[in-house]
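The values are calculated or read from the model by the stated rules, or taken from the named source; none is laboratory data. Remember, predicted model here, so these are calculated numbers, not experimental data. Glycine gets a Cβ as well: all are built from the backbone with ideal geometry, and neighbour counts include every protein chain shown.
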Amino acid sequence: MKQFLLYSYIAMLFYSTYLFVTKKMDFSFILEDPSFGTAIYYTVFITIIIITLNILLGVITGWHLAKQEGLWLDVFVLLPLVIPVIAVMGGLQLGLLWMDIPDHILGVLLIHLLVTLPFSIQIFRSRFVELEEEIPSIVRLFKGSNITLWVFIYFPLLSGSLFAVILLTTVISLSQYAITAYIGGGLIPTITTLLFPYLQSSNFYIVHTAVFLLITIIGAFAVLVKAIILILKKVVTSLL
Amino acid sequence: MSYAHKLGRGIVFSIGAISLFAVVLLLIDMIRLMELIKPMPSGQSYIEPLSRLIWSALLAVVATVFSIISGIWIVRGFYLQRSFKRTIDRLSIAFYFPHLIVALYVLAVANFLYQLIDFYHPLFGFLEILLAYWVKEVPFVVFYLTVTYTSLDLQSRRLIQGFGGSKWQQFYHVEWVAIQGQVAEIFLILFAFILTAYEIPALIGSSVYPLLGPTIIEYYYSIDLSERFIMDVILLAVTSMFVLLTISLFAWTSRLRHLNGKGSRTI
């Protein structure tokens, strides 16, 4: 499957190169867009903040939920997923207006966090449920500190979940056109709000360029994250 | 309770409370609009968005049920054939693709097929959306159920088999008992998401069967305040239904957990 995807991407790359050389495909419509630079800036900013918050809050909450069960805990963690995000968006917009911060990056960050965090919590929760319950007591038995436990034991064991959380958070965040455009009031452009109108175009070459750019961004990001996690894991395990 | 546990609990209640608070704000928005709109929208004005809600609900139910059945079928296949981990890893590739890209792929394949058979029916647009959701949500179902299936005891299946139980009885008494709560959870998540999602219907939506997601945005961007009011009413009704369903579901599953702890009396 991975090979199939790699080959189809290579085929897409060749086809895109052919279209580019024959001048059927060009990136000018995106590069010349006045909000291109701002969109890149906001996308990077939102993605970094959302990923950081998802990891920090997701790990703590996933760990807590793996050890504690309760009716209201289960209900509350699922609420952001079962309450339609568009309904949350409608209410949140009024709240932001009252707080005198309409069309602000804070609102966009909050709504992106609400749609991504429950997934991160569930991923970490599942992983902590799979892990041995005795790990912390064994580490303490050998006089290990909390840093030893989290950095040298949990980090290598959670590396797969970390990658899944980072990728899923990025993909979900990059998929949000409606809520980003609405809460941001058009003043917070992102790659998605920039490319979405082009994806609706009837011109095949424009749609192809937009799809190619989105897939390349996500693919390159996934490879980069995988490499960083792998290197960090090797460094950490070599220090142990 | 340690500091970290308190923090974890605080985060859970905060994200739930923020979502609920946003819904309360929606209610306040509705009350505020009632004072501004003169005259109030007639019952006739609700017919169009309600018909879109019904179409969306139909699509959401079908897409959700298909995704869940396919997901269970895939997990069971891997679980029983013991080639579980590797195949599940391969399915994770679906997460690399946002919904809107999957929708465009489905659209491209569909357009190619229409040209091939030289035939098109407006209902096909509806089926394209269904297919896009199915392709994207099946891996989600598989991942959600993976943990439960890996922790299931195969011996119980063999025991039922030994007593002459059919394959259905093996599934029902061993697997279904373990996954029913999660299946209900997945149903709620997917149904709520598909019902009001904007991106896929906006990209490949059919004009003959318009869906709720694009309608919500259209009404919210409208300069006619009564349209925003109508959408607030519909969204509040839908949200209340989902909140009540979630509480009932978890009350039911926590009761089940209690019963299973005492030993299942279903066999």
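List of remarks:
- Taken over the range B:143-153, the criterion of being crowded, with 18+ Cβ neighbours inside 10 Å and more than 9 Å from chain A (Cβ to nearest Cβ) is satisfied by B:L145, B:T148, B:Y149.
- Close contacts from the range A:44-72, counting a first residue that is touching a residue at least 60 places away in the same chain (Cβ under 8 Å) and a second that is surrounded by fewer than 20 Cβ atoms within 10 Å (Cβ to Cβ) and part of a helix (DSSP H, G or I), with Cβ to Cβ under 6 Å and a gap of 6+ residues or different chains, come to A:I49/A:L109; A:A66/A:V129.
- In the range B:109-141, the residue that is modelled with the highest pLDDT out of those that are of a type in the set (S, T, Y) and part of a helix (DSSP H, G or I) is B:Y133.
- Residue tally, condition in contact (Cβ under 8 Å) with a residue 12 or more places away in the chain and facing chain A (nearest Cβ under 10 Å), over the range B:220-239: 8
- Among the residues examined, B:S19 does not qualify as more than 8 Å from chain A (Cβ to nearest Cβ) and of a type in the set (G, A, S).
- Flag if A:V82 is within 21 Å of B:L27 (Cβ to Cβ) and in contact with a Phe, Trp or Tyr (Cβ under 6 Å, 6 or more places away or on another chain): yes
- Here A:M89 meets the list (1) hydrophobic (A, V, I, L, M, F, W, C); (2) modelled with pLDDT under 90; (3) assigned to a helix (DSSP H, G or I) almost entirely, failing just condition (2).
- A:G184 meets the conditions (1) within 11 Å of another protein chain (Cβ to nearest Cβ); (2) small (G, A, S); (3) under 24 Å from the mean Cα position of the chain (by Cα) in every case but one. The failed one is (1).
- Being without any contact (Cβ under 8 Å) to a residue 12 or more places away in the chain and crowded, with 20+ Cβ neighbours inside 10 Å is a property that B:I189 has.
- In summary, A:I50 fulfils each of the numbered conditions (1) of a type in the set (A, V, I, L, M, F, W, C); (2) at pLDDT below 85; (3) in a helix (DSSP H, G or I) with the single exception of condition (2).
- Comparison of B:F242, B:F193, B:F250, B:F171 shows that the only residue that is within 10 Å of chain A (Cβ to nearest Cβ), in a helix (DSSP H, G or I), at pLDDT below 90 and out of contact with any Gly (no Cβ under 6 Å at 6 or more places or on another chain) is B:F250.
- Checking the range A:152-162 against the condition returns a match, with at least one residue being more than 8 Å from chain B (Cβ to nearest Cβ) and more than 24 Å from the chain's Cα centre (by Cα).
- Every test in (1) in a helix (DSSP H, G or I); (2) more than 21 Å from A:R125 (Cα to Cα); (3) of a type outside the set (G, A, S) is passed by A:I101 save one, and that test is (1).
- Filter result for B:L212 (surrounded by 21 or more Cβ atoms within 10 Å (Cβ to Cβ), within 16 Å of the chain's Cα centre (by Cα) and under 30 Å from B:K38 (Cβ atoms)): yes
- Meets criteria (in contact (Cβ under 8 Å) with a residue 60 or more places away in the chain, of a type outside the set (F, W, Y), crowded, with 18+ Cβ neighbours inside 10 Å and within 12 Å of another protein chain (Cβ to nearest Cβ)) for A:L78: no
Here's the yes/no breakdown for (1) without any contact (Cβ under 8 Å) to a residue 60 or more places away in the chain; (2) surrounded by 19 or more Cβ atoms within 10 Å (Cβ to Cβ); (3) of a type in the set (K, R); (4) more than 28 Å from B:I200 (Cβ to Cβ):
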{"position": "B:G16", "(1), (2), (3), (4)": "yes, yes, no, no"}
{"position": "B:L25", "(1), (2), (3), (4)": "yes, yes, no, no"}
{"position": "B:D29", "(1), (2), (3), (4)": "no, yes, no, no"}
{"position": "B:R32", "(1), (2), (3), (4)": "yes, no, yes, yes"}
{"position": "B:E35", "(1), (2), (3), (4)": "yes, no, no, yes"}
{"position": "B:S45", "(1), (2), (3), (4)": "no, no, no, no"}
{"position": "B:S51", "(1), (2), (3), (4)": "yes, no, no, no"}
{"position": "B:S56", "(1), (2), (3), (4)": "no, yes, no, no"}
{"position": "B:A63", "(1), (2), (3), (4)": "no, yes, no, no"}
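- Filter pass, A:F36 being within 19 Å of A:L195 (Cβ to Cβ) and in contact with an Asp or Glu (Cβ under 8 Å, 6 or more places away or on another chain): no
- B:Y120 vs. criteria crowded, with 19+ Cβ neighbours inside 10 Å and more than 30 Å from A:L194 (Cβ to Cβ): no
- The residues on offer are B:M34, B:M30, B:M40, and the sole one that is modelled with pLDDT under 90 and hydrophobic (A, V, I, L, M, F, W, C) is B:M40.
- Just one of (1) buried (at least 22 other Cβ atoms within 10 Å of the Cβ); (2) within 7 Å of chain B (Cβ to nearest Cβ) fails for A:N54. It is (2).
- Among (1) of a type in the set (S, T, Y); (2) in a helix (DSSP H, G or I); (3) under 29 Å from the mean Cα position of the chain (by Cα); (4) away from chain A (no Cβ under 14 Å), the one test that B:S156 misses: (3)
- The one condition in (1) crowded, with 19+ Cβ neighbours inside 10 Å; (2) within 10 Å of another protein chain (Cβ to nearest Cβ); (3) over 15 Å from B:F66 (Cβ atoms) that B:F140 fails to fulfil: (3)
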